[in-house]
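A short write-up of the structure that comes next.
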Amino acid sequence: MSIMNKTADFIRSRKGASMLLASAVLVGSIFISSNLSVVKVVDGDRTSKVVTAKNRSSAEIIVQAGFALSDNDAFSVNGSDNSVREIEIIRAFDMKVIDGGEEKIVSAVSGTVAEALENAGIPLPQGEDTANVDLESEVDEGMVIKIDRVKYVKDTKTQVVKYSTVTKKDSTLAEGKTKVSVQGVNGEKRVTTTKKYVNGKLTDTKTTEKVTRKAVNKVVLKGTNKAQSAKKTSVKSAISSVDTSGKTLTINGKEVSYSRVLTGTGTAYTARSGALTSTGKTVKVGRVAVDPRKIPYGTRLYIVSADGRYNYGYAVAADTGGALRSGRVLVDLFYNTERECNNFGRRQVKVYILD
């Protein structure tokens, strides 16, 4: 009998069939043990064991075990994915975050407060912002995190600094007389208002000022000189009389009309050749000094002494001086030499204002 026939007869026998079945079971067990594993899944006080393929992921095994994971849940694995023995589900918990007065719910499973805030997209406190917990502390279920947000708003404007008026006594001025010695000029300052907001509410306001241009005070001199005041009274006597009747004057046989006659004090002066008058013209006989407020520049005049001894003749108002502006002298006559001036001296004159 051939070997093939003997083998077939053995398999058909009871003993052979039993041995074949045992071999199949053994091979099947070896195959199962090499491709399957038993995994324990723990979810708090709930535990489930499942037989699963070794190549399945932990997330798939958790679902196979009948558990569901939310977006924020996590799990820890004992072993690699190819040899998982136990999976522990870590459920996320909620914390309350009050951010700048606005309440938010944040989920976390572990880590620091800073990590939980960053994962939730909440900016960490900056500058003067404050938090009621240490950002490096571990998160805990039921934790309330409060963040106060601080914001500063600045507003800068330019304002006018008005000048003050300062009055000073001046003994060179007649009593009761005033004179502006310094004109006032307004200044400028930069005013900055800083407002502090905490969680959107105004809590403090501070204002600072910086002068960018100083104001110049106006200085007014007030006269205290009583002697000057008395002299001023005598100044009025420089013009002893005014005749405004309007007549004609015969000069060298010719009648010349005039509008008025001023009678007052006359003096004489001289200057170097080529010197200029107040009107910019050179000095010469016939160009006399006056108070232009009483006798305007350019006015044609005819001047004689009140006693008739001196006849200065035709003249034009072209110059001025301190004595004239103060009112002490009516007219100052120009002569070419000091000798002529001395001869004239100081005397009463009549000044005819010609038409």
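Taking all protein chains as they are arranged and a probe of 1.4 Å, the heavy atoms of residue 86 leave approximately 60 Å² accessible to solvent.
An ellipsoid equivalent to segment 44-179, defined through the eigenvalues of its Cα gyration tensor, has semi-axes of 74, 13, 11 Å when rounded to whole angstrom and sorted largest first.
Suppose every Lys and Arg Cβ carries +1 and every Asp and Glu Cβ carries -1, with no other charges. What dipole size does segment 267-333 come out with about its Cα centre, to the nearest 20 debye?
120
Charging the Cβ of each Asp and Glu at -1 and of each Lys and Arg at +1, and nothing else, the dipole of segment 150-201 about its Cα centre rounds to 460 debye. For residue 40, give me every one of the lysines with a C-alpha distance below 25 angstrom, ignoring sequence neighbours fewer than eight places off in its own chain. Answer for residue 40, where 25 Å is the Cα cut-off: 49, 54, listed by chain and number. What is the Cα centroid distance between segment 293-318 and segment 159-199, reported in whole angstrom? After rounding, the separation between the Cα centres reads 47 Å.
In summary, the lysines within cross-link reach of residue 294, defined as a Cα separation below 18 angstrom excluding same-chain residues under 8 places away, comprise 232, 236, 350. Compute the label zone of residue 211 within segment 143-169: residues whose backbone N is under 18 Å from the point 7 Å along Cα-to-Cβ. Taking a point 7 Å out along Cα→Cβ of residue 211, the residues of segment 143-169 whose backbone N falls under 18 Å are 158-167.
Suppose R0 equals 56 Å. What FRET efficiency, 1/(1 + (r/R0)^6) with r the Cβ-Cβ distance, do residue 104 and residue 177 give to the nearest 0.05?
E(calc), rounded to 0.05, equals 0.10.
Residue pairs exceeding 21 angstrom between C-alpha atoms, taken from 162/218; 157/195; 168/189; 146/196; 169/189: 168/189; 169/189. Given a 1.4 Å probe and the protein chains as shown, residue 278 ends up with an accessible area of around 70 Å². For residue 153 and residue 126, the FRET efficiency from 1/(1 + (r/R0)^6), where r spans their Cβ atoms and R0 equals 22 Å, is about 0.85. Comparing segment 262-322 with the 2.2 N^0.38 Å rule of thumb, its C-alpha radius of gyration ratio is 1.10 (two decimals). For 284, 206, the ranking by accessible surface with the largest value first comes to 206, 284, using a 1.4 Å probe. In angstrom, the C-alpha Rg and Dmax of segment 94-138 are 10.0, 29. Normalised radius of gyration (Cα atoms, divided by 2.2 N^0.38 Å) for segment 38-117: 1.35. Among 293, 213, 339, the sequence by solvent-accessible area, most first, with a 1.4 Å probe is 339, 293, 213.
Within the shell defined by Cβ-Cβ distances under 13 Å, the residues around residue 185 carry a net charge of +3, with Lys and Arg each +1 and Asp and Glu each -1. When all protein chains stay in place and ligands, DNA and RNA are ignored, the 1.4 Å accessible-area order of 197, 302, largest first, is 197, 302.
The values are calculated or read from the model by the stated rules, or taken from the named source; none is laboratory data. What you see is a predicted model, and the numbers here were worked out from it, not measured in a lab. A quick note on method: Cβ atoms are made from the backbone with ideal geometry, for glycine too, and the neighbour counts reach across all protein chains shown. Just the protein is used for accessible areas: all its heavy atoms, side chains included, with ligands, DNA and RNA removed. Shrake-Rupley method; radii C 1.70, N 1.55, O 1.52, S 1.80 Å.
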